[in-house]
Amino acid sequence: QVQLVESGGGLVQAGGSLRLSCAASGRTFSNYAMGWFRQAPGKEREFVAAVTWSGGDTYYADSTKGRFTISRDNAKNTVHLQMNRVKPEDTAIYYCAARRGLLSQGAGLYNYWGQGTQVTVSS
């Protein structure tokens, strides 16, 4: 069982930076792959980035690769999403998710979800 709580969302100007955090609790957190997803109004939830349980491998959506960085600190039960050079189209609710097993970009494969944190990018 894993519980996830996101934080760090807010309002930022285009071209700026924002750092999201996800605090996780659960006895097997280090065995889970972690992912970030986002959902804009009227849109389906889409994959942003993911990291393996070891932190040794990462995967990014084409829209965020080169601008966003996902990382995790298993000792502190925390995963982060560093967002640089943000764009108005990055505006969405960002969700932290966890799954036991392989890294995946499929939202349906994740078992645990946070409640989300709002990111708004102004132009």
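The values are calculated or read from the model by the stated rules, or taken from the named source; none is laboratory data. This is a predicted model, so every value here is computed, not measured. Because the Cβ atoms are built from the backbone with ideal geometry, glycine has one as well, and the counts that use them run over all protein chains shown. Accessible surface areas use protein heavy atoms only, side chains included; no ligands, DNA or RNA. Shrake-Rupley method; radii C 1.70, N 1.55, O 1.52, S 1.80 Å.
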### Query
Can Ala98 be described as small (Gly, Ala, Ser) and in a strand (DSSP E or B)?
yes
### Message
Against the condition open to solvent by less than 40 Å² (accessible area, probe 1.4 Å), over 16 Å from Thr117 (Cβ atoms) and either of a type outside the set (Lys, Arg) or at pLDDT 95 or above (or both), how does Arg67 come out, does it pass?
### Response
yes
### Message
With the structure loaded, tell me whether Gly66 is more than 23 Å from Val121 (Cβ to Cβ), over 11 Å from the mean Cα position of the chain (by Cα) and without any contact (Cβ under 8 Å) to a residue 12 or more places away in the chain or whether it fails that test.
### Response
no
### Tabulated pairs, segment 83-95, first in contact (Cβ under 8 Å) with a residue 60 or more places away in the chain, second assigned to a helix (DSSP H, G or I), C-beta under 8 angstrom, 6+ apart or interchain
Met83/Asp90
### Message
Looking only at segment 9-33, filter to residues that are modelled with pLDDT under 95 and not small (Gly, Ala, Ser); which one of those is farthest from Ser104 (Cα to Cα)?
### Response
Arg27
## Note on the structure
For segment 46-64, the count of residues that are at pLDDT below 95 and closer than 18 Å to Ser17 by Cβ equals 2
### Query
When the residues of segment 1-54 are filtered to those that are hydroxyl-bearing (Ser, Thr, Tyr) and in contact with a Ser or Thr (Cβ under 9 Å, 6 or more places away or on another chain), which remaining residue is nearest to Ile93 (Cα to Cα)?
Ser7
### Task
Take the residues in segment 77-105 that are of a type in the set (Val, Ile, Thr) and under 17 Å from Ala50 (Cβ atoms), then tell me which one is least open to solvent (accessible area, probe 1.4 Å).
Val79
